[in-house]
Amino acid sequence: MNKVRTDGNIRIHLFLLLVVIAVFIWSAIKPASYLTWLLEVSPAVVGLIIVIAAYNKFRFTTLSYVIIAILAIIMFVGGHYIYSKVPLFNWIKDAFDLKRNHYDRFGHLLKGLFVIVLREILLRKTPLTKGPWLFAIVVSMSLAIAALYEIIEWLVSKISKGGEASKDFLGIQGDIWDTQWDMLCCLIGSVIALFVFSKLHDRLLKKEIIKE
């Protein structure tokens, strides 16, 4: 059994939570479409509720909480504006003469960061140790989650019979390969995250986790 050291960490975790709550409140104020907003932010809200409810029983490292906060904020911003209409990426689209708003691609790339959270769960709760198998399994899990999200988007579109909100939720923007691009971005983000953050994550696991 193990737990996370509490000295100094709780204040950081609380700060992250307050930032996420602030962005959530902003996101809920006059979004472009309340139905699309609900569809976009619901997964993040459910995930946050689970993480908060489990805080005293399974406390992640600070790096994992930073990643969870970033991903929630990405989804709240996308929900507020609609992914295909986020202003900054509209400006990038116009400035570089792009064919689409790439906020959704950016979001799926960052969703690859969640692989670090998966890595922590497996290292702490299973017999798996660092190495090629851990790398392969967490990347596969990350890609599976991305695929599941795409299936949910498709089901929403079918259930709503292609309504405007579901079209905004899908965010295809005329690209028939949008689903494949989203999954590829998540895969690339996962691999990059593991190469960039694994050593830092290992240090934080040694520093913050008390084995009992």
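The values are calculated or read from the model by the stated rules, or taken from the named source; none is laboratory data. Keep in mind that what you see is a predicted model, and the values were worked out from it rather than measured. Cβ sites come from the backbone with ideal geometry, for glycine too, and all protein chains shown count toward neighbours. Only protein heavy atoms, including side chains, enter the accessible area calculation; ligands, DNA and RNA are left aside. Shrake-Rupley method; radii C 1.70, N 1.55, O 1.52, S 1.80 Å.
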Check: For the range 76-132, what is the charge dipole size about the Cα centre, in debye to the nearest 20, if Lys and Arg each add +1 at the Cβ and Asp and Glu each add -1 at the Cβ?
Finding: 260 debye
Next item on the list: Provide the solvent-accessible area of ASP97, counting protein heavy atoms only and rolling a 1.4 Å probe, rounded to the nearest 10 Å².
Entry: 130 Å²
Margin query: I'd like the distance between the alpha-carbon centres of the range 136-154 and the range 21-90, rounded to an integer number of Å.
Written below: 18 Å
Notebook entry, point to check: Residue by residue, what Karplus-based ³J(HN,Hα) values in Hz, rounded to whole numbers, does the range 123-138 have, using 6.51, -1.76 and 1.60 with θ = phi - 60° and x for Gly and Pro?
Noted result: 5, 8, 10, 10, x, 4, 10, 4, x, x, 5, 4, 4, 5, 5, 5
Notebook entry, point to check: Which links in LYS57/LYS199; LYS125/LYS206; LYS30/LYS93; LYS130/LYS206; LYS130/LYS199 stretch past 18 Å when you go from one Cα to the other?
Noted result: LYS57/LYS199; LYS30/LYS93
Margin query: Tell me the relative contact order for the chain as a rounded percent, counting alpha carbon contacts under 8 Å between residues six or more apart.
Written below: 30 percent
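With every protein chain present, what is the per residue accessible area of the chain (1.4 Å probe, Å²)? Intermediate values should be presented prior to the final figure.
Details: 12120 Å² over 212 residues.
With the other protein chains kept in place, the chain gives 57 Å² per residue.
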Checklist line | Accessible area of PHE106 in the full protein assembly, 1.4 Å probe (Å², nearest 10) | finding: 80 Å²
Check: If contacts are Cα pairs under 8 angstrom and at least 6 residues apart, what is the relative contact order of the range 86-140 in percent?
Finding: 22 percent
Item checked: Computed magnitude of the charge dipole of the chain (debye, nearest 20; Cβ of K, R +1, Cβ of D, E -1) -> 840 debye
Next item on the list: Between LEU98 and ILE121, with labels modelled 7 Å along Cα→Cβ, what's the label distance in nm to one decimal, could you check?
Entry: 3.0 nm
Check: Taking amide hydrogens as modeled 1.01 Å from N in the peptide plane, which residues meet the under 5 Å criterion relative to ILE209, leaving out close sequence neighbours?
Finding: ARG5
Note to self: Keeping all protein chains in the complex and leaving out DNA, RNA and ligands, what accessible area do you get for SER140 with a 1.4 Å probe, in Å² to the nearest 10?
What the structure shows: 70 Å²
Next item on the list: Determine the equivalent ellipsoid of the chain by diagonalising the alpha-carbon gyration tensor, then write out the semi-axes as square roots of 5 times the eigenvalues, largest first, rounded to whole Å.
Entry: 31, 20, 16
Checklist line | Derived scalar couplings ³J(HN,Hα) [the range 88-102; Karplus, 6.51 cos²θ - 1.76 cosθ + 1.60; whole Hz; x for Gly, Pro] | finding: 4, 7, 5, 5, 4, 4, 6, 5, 10, 6, 8, 8, 8, 7, 9
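Could you order LEU194, LEU35 by accessible surface area, starting with the largest, using a probe radius of 1.4 Å? Don't skip to the end; give the middle numbers.
Numbers: LEU194 10, LEU35 100 Å².
These residues rank, largest area first, as LEU35, LEU194.
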Margin query: To test your reading of the geometry: what angle, between 0 and 90 degrees and rounded to tens, separates the Cα axis of helix 62-81 from the longest principal axis of the chain?
Written below: 10 degrees
Check: What is the list of residues in the range 63-83 whose amide nitrogen lies under 15 Å from a point 7 angstrom out from the Cα of TYR34, following Cα to Cβ?
Finding: 80
Notebook entry, point to check: Roughly how many percent of the accessible protein surface of the chain is carbon and sulfur, given a 1.4 Å probe and a whole-percent answer?
Noted result: 72 percent
Notebook entry, point to check: Along the three principal axes, how long is the range 53-153 when you take its alpha carbons, biggest first, rounded to the nearest angstrom?
Noted result: 50, 30, 25
